[in-house]
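Please treat every number below as a calculation from the coordinates, not as lab data. This one's a predicted model, so the numbers in the text were calculated from it and none came from an experiment. All Cβ positions, glycine included, derive from the backbone under ideal geometry; neighbour counts span all protein chains shown.
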Amino acid sequence: MIGLILSAALIAMMLCAGTVAVRHMAGMPWRSLLRSSSGGDPSVMTQADSDREYPREASPVDFNGNGVDDYADIVAGARADATNHPRYDSGYYEGGYPPDDRGACTDTVWRAFRQAGYDLKAMVDADIAADPDAYAAVAPKPDPNIDFRRTGVLNVFFAKYARTLTTDVADREQWQGGDIVVFETSRHIGVVSDKRDGDGTPYVIHNMGQRRRENDYLAFRRHMTVTGHYRFDASKVPRNVLRTWQE
């Protein structure tokens, strides 16, 4: 008798668990269900799905001639900095550049552009010298040791030499890997990843001292307001400003 009671209880528990599982699955997006059944991470869109639903816009420029377009290089450079995981440091350095094991949000950006062959520091310095009025509000007293590491300065630079795109994160098709995203004008900056979450929202590669430097920050319930979204266009940069990274 006891054995029959235990067996009945076990069956009831199994049926209850199955019902809960079905209810949970019914509330999941169908894309997540497909990814879960295929063994993938349901919180991350597969590359195949991302390529199909949000076709990548390749840059027409391969500035460093390495066979990889600029936007892909920028993502690779930002990801390399994220992997290196420098300790957060926004301090002042003679010569401008912090050590490789240190950096702030702006350092992720110039290191990303270095991967594509651009010397972002030299370009910012040259543009400030050529057009100081454009930077008067963010760099009233120009200083090459720090200007390129100021989010507000980079915001002005990209507003001049990049395509200005939507700040609406819900307009997912307009967000591409290699784009630059600015938060609250001068507070924070990052590089848009080619990786997306399960809903198609792009990840951001950025440094605010967090453990995961490539994350779904734009999908956070609370995140800083997006005030700038840019796609760099080297054809807009005048020759007296364009600079090549010198090893």
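Subtract the Cα-Cα distance of residue 134 and residue 102 from 0.36 nm times their separation in residues, and report this length gain in nm to one decimal. Walk me through the intermediate numbers first.
Values: separation 32, 0.36 × 32 = 11.52 nm, distance 2.94 nm.
The span from residue 134 to residue 102 would gain 8.6 nm if fully extended.
Determine, for 45, 123, 208, the number of other Cβ atoms within 10 Å of each Cβ, and report the residues in order from fewest to most.
Working: 45 26, 123 20, 208 14.
The fewest-first ordering by Cβ neighbours comes to 208, 123, 45.
Going down the list 141/236; 160/195; 160/236, which pairs span over 19 Å between their C-alpha atoms?
Numbers: 141/236 26 Å; 160/195 27 Å; 160/236 8 Å.
Checking Cα-Cα distances, 141/236; 160/195 exceed 19 Å.
Assuming 0.36 nm per residue, please report the length gained on full extension of the stretch residue 247 to residue 159 beyond their Cα-Cα distance.
Details: separation 88, 0.36 × 88 = 31.68 nm, distance 2.75 nm.
Value of the extension gain: 28.9 nm.
State, as an integer percentage, the relative contact order of region 40-109 based on alpha-carbon contacts under 8 Å between residues 6 or more apart.
On the way: 38 pairs, mean separation 13.9, N = 70.
It comes to 20 percent, rounded to a whole number.
What's the extension gain from residue 168 to residue 239 if we count 0.36 nm per residue and subtract their Cα-Cα distance? Don't jump to the answer; show the numbers that get you there.
Details: separation 71, 0.36 × 71 = 25.56 nm, distance 3.27 nm.
Answer, rounded to one decimal: 22.3 nm.
Counting only C-alpha contacts under 8 Å and six or more residues apart, can you give the relative contact order of region 176-224 as a whole percent? Each step should come with its number before you reach the end.
Details: 80 pairs, mean separation 13.2, N = 49.
Relative contact order of region 176-224: 27 percent.
Quote the FRET efficiency, to the nearest 0.05, computed for residue 51 versus residue 84 with a Förster distance R0 of 25 Å and r equal to the Cβ-Cβ distance.
Rounded to the nearest 0.05, the efficiency is 0.40.
Looking at region 38-134, which chymotrypsin sites (Phe, Trp or Tyr not before Pro) are in a loop (DSSP not H, G, I, E or B) and have at most 13 other Cβ atoms within 10 Å? Before the final figure, lay out each step's value.
Numbers: sites: 63, 71, 88, 92, 93, 110, 113, 118; in loops: 63, 92, 93.
Those satisfying the criteria are 92, 93.
Over the alpha-carbon set of region 93-247, work out the extent along each principal axis and list the three values in angstrom, largest first.
Computed over region 93-247, the largest-to-smallest principal extents equal 43, 32, 29 Å.
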